1. Just to confirm the filter: which GluC sites (Glu not before Pro) across region B:28-99 are DSSP coil and have at most 13 other Cβ within 10 angstrom of their Cβ?
2. Partner chain Cβ atoms within 10 Å, averaged over the residues of B:103-116 - can you pull that number for me?
3. Note the distances from B:E228 to each other copy's matching label point, with points 7 Å along the Cα-to-beta-carbon direction, in nm, sorted shortest first.
4. Pull up all non-local amide H partners of A:Y279: gap of 5 or more, or a different chain, and H-to-H distance under 5 Å with H placed in the peptide plane.
5. Which GluC sites (Glu not before Pro) does region A:221-282 hold that lie in a coil by DSSP with at most 10 other beta carbons within 10 Å?
6. What is the angle, in °, between the Cα long axis of helix B:408-435 and the longest principal axis of the Cα atoms in chain B? Nearest 10 is fine, range 0 to 90.
7. Roughly how large, in nm² to one decimal, is the mean projection of the convex hull of the alpha-carbon atoms in the protein assembly as shown?
8. Among B:A365, B:A29, B:A181, determine the one that fluctuates most according to a GNM of chain B built with springs between C-alpha atoms less than 10 Å apart.
Number of protein chains: 2
Amino acid sequence: MRQSQLFTKTRREAPKDEEAKNAQLLIRAGFVHKEMAGVYAYMPLGLKVVENIKRIVREEMDAVGGKEMIMTALQRKDVWQQTDRWDDEKVDVWFKSELKNGTEVGFGWSHEEPITEMMKQYIASYRDLPVYAYQFQTKLRNELRAKSGIMRGREFVMKDMYSYNTDEETHAAFYNSVIEAYLRIFDRVGLGDRTFLTFASGGAFTQFSHEFQTVSDAGEDVIYLHREKKIAINKEVMLPEVLEKLGVTEDELEEVKAVEVGNIFNFGSIKSEQLGLTYKNEAGEDVPVILGSYGIGITRLMGTIVESFADEKGMIWPESVAPFRVHLVSMVPNDATVVAYADALYEELIAAGVEPLYDDRDVRAGEKLADADLIGIPTRIIVGKDTIASGELEVVNRATGEMKKISRGELLNSFRTVVVAEEVAAVEAAVEAASTDVIE
Amino acid sequence: MRQSQLFTKTRREAPKDEEAKNAQLLIRAGFVHKEMAGVYAYMPLGLKVVENIKRIVREEMDAVGGKEMIMTALQRKDVWQQTDRWDDEKVDVWFKSELKNGTEVGFGWSHEEPITEMMKQYIASYRDLPVYAYQFQTKLRNELRAKSGIMRGREFVMKDMYSYNTDEETHAAFYNSVIEAYLRIFDRVGLGDRTFLTFASGGAFTQFSHEFQTVSDAGEDVIYLHREKKIAINKEVMLPEVLEKLGVTEDELEEVKAVEVGNIFNFGSIKSEQLGLTYKNEAGEDVPVILGSYGIGITRLMGTIVESFADEKGMIWPESVAPFRVHLVSMVPNDATVVAYADALYEELIAAGVEPLYDDRDVRAGEKLADADLIGIPTRIIVGKDTIASGELEVVNRATGEMKKISRGELLNSFRTVVVAEEVAAVEAAVEAASTDVIE
């Protein structure tokens, strides 16, 4: 994408009403726009990051057998009354309104109830189970305060999955497979080394629920961390019997601030009993379905990535979620030779399968470099007058600041090697499949 | 996808409270779930169709220079008051609620106002223009009645694009390019031959707006159609001077019912003046920006496709938007040879780049065929005992009912030819790009 065609602008100053570092940087770089406190619109660069995170989460949810669908924002009162979660005194984040005929409606802050109610149509027998369904949904929560930027919003994107199993054993196997999938997700978005499986209160049905907490000064939670064992304990369950069960002692634990980027929860049969979701087992008896729920805050995860990697110059995106992998910066916009060289390289990079963000704007070189630092694309390629003279491009790593000079041919080949290898592998696989013996 | 893993079920009977054919069929086939009147959740098969339509629309919006972003559901009262569209007497489809501190908020039924307000941050000079921004947004509209299924919802997905230009001339050029893009979209989703550019009332600034109307008995609109000239006229502008301007006479026109699947609108400078969006021209003068808006109802389009092609047996999806291109049906679930053959063919089709919906369920053959008709995937491949004996598969075209018998090798090659050709072309392009002279 040519940066001249990107309608957002960077700004030097953060908005005065914005306390959180993530929102300050995202707004300054033009990734998000603040509509009101806790409510952010996602501009082209920001939306690309959201979609990259969603793609990774989707791949991992599909891999454990999840099926993607999408529920609705509008919510029925009668469904939520069955679990006693309609009343504002029970759930204090509802936005509510009403239809023209006076029927009250709510706006979805969570979706366990409507999806479980819906499953009564699809689940009747043990043969219909298990069911694993997930969605990426815009949740609406009437939070009293919203001052953590995109990490705690009144409107935000969440991935929520729900599992329906016949019994605790098959439920536990799936639950554990999701723990593994979540750990892979946090690895893939670059937060693996600072994200910990955390034991938290389990509610009525089970001893523990599990949170995934990313250590960060921007966090609103406090956890007790055992770095070597790669686990943590939430304050609410810091009890002697829990420590003993987990095989740790209090003095081994480190108290740190953290962001809850994911959580998984075993509801057992409670919600199914409340909502009347049962199945017939092989003996023909009606048995309540075992329900689990599995959340990842997509936009919160994006905010956590910003908070985790940003430096004093701006954001630093891991390659897996960066809006672009490469930032091509043409340094001398009024020099026709430099412009022609950069234009050609831009097209060649696209042909090589790596569309860069291309700073073709008619602004000073210093401003371009400051903007590139702020935007935080992992690899920067600089085209200046020197490039034409020496035949070498400056390639800068945004995270480390490391610079190396390489020729255009080397640069293109380094990307092409990856892309062509992927394509050749695909063709070979297809050809191989075509030549295998077929049963005819 | 294995159909045994799809959690939705088909049903023989449509829900009693559902009048619209599109919703009856989509619910019966398990594509959507009705949460309340006009509010539908999209199950895996339904979501795939939505995403396929979005992909086509996205490609065409990108091709005219649109940049994708996403605004918010929550809306600020002060923004909408500036254009006098907050009051329920002016706009009768608002859902409203309030924050904990008593601040009133609305839920987005449209987004011209907030996006134009936002653009004041990004547009200051003629050098910042034009801007073309679009989103796929879940709109919330408090409709008095909602009885057309997914064709008129209280919650639905819309693509809305907004254009910001310096003057009427550049605006008109873009406006016309969007007309062309819209016609390509309706062609690509299979509705090209029955969708007409329709002249409608233009409001205060311009004589006409343009609608895209698909002729359908399920439509809520009446239009006057000139089939040869491929244009139509909305009732509200059926005036002698309009007919003359368009070069048609009343007796050449056919009165038909139609669905408004898209509309485009020239706001001129009205909204920019109301909201204070101006730019500095080359002379340094403040000039209001020219605004256009361009909508396509994504879920309405999906409903229109259902209404347009369904027959007495169920839905018929055009290949471009079908949830799967191929429906592989294993007819004898208790015959190990048939199952092994079908399982192997399923894997081979995936390897050939065509993931089918694979009916591997343990149900009667008649039920499978009835479900396949209802679901409406364009190409059906039937594996039965005959297949093993004869070495030939039955391939059935859902739309025409045409059946042909072909060998497994021929079948796989017919798909592979397309997929491999695409991959080879990609490799060749990359190799060619690699071998061109580089300026070094």
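Computed from the coordinates by the stated procedures, all read-outs in this text should not be read as laboratory data. Since this is a predicted model, take the numbers as computed values, not measurements. So basically every Cβ, Gly included, is an ideal-geometry build from the backbone, and we count neighbours across all protein chains shown.
1. Here the sparse-neighbourhood loop sites are B:E89.
2. Averaged over the peptide's residues, the number is 2.
3. 8.9
4. Under 5 Å from the amide H of A:Y279 lie the amide H atoms of A:V287, A:V289, each far enough along the sequence or on another chain.
5. Listed in order of number, the matching sites are A:E228, A:E282.
6. Orientation of helix B:408-435: about 50 degrees from the principal axis.
7. With the hull built on Cα positions only, its mean projection is 40.3 nm².
8. B:A365
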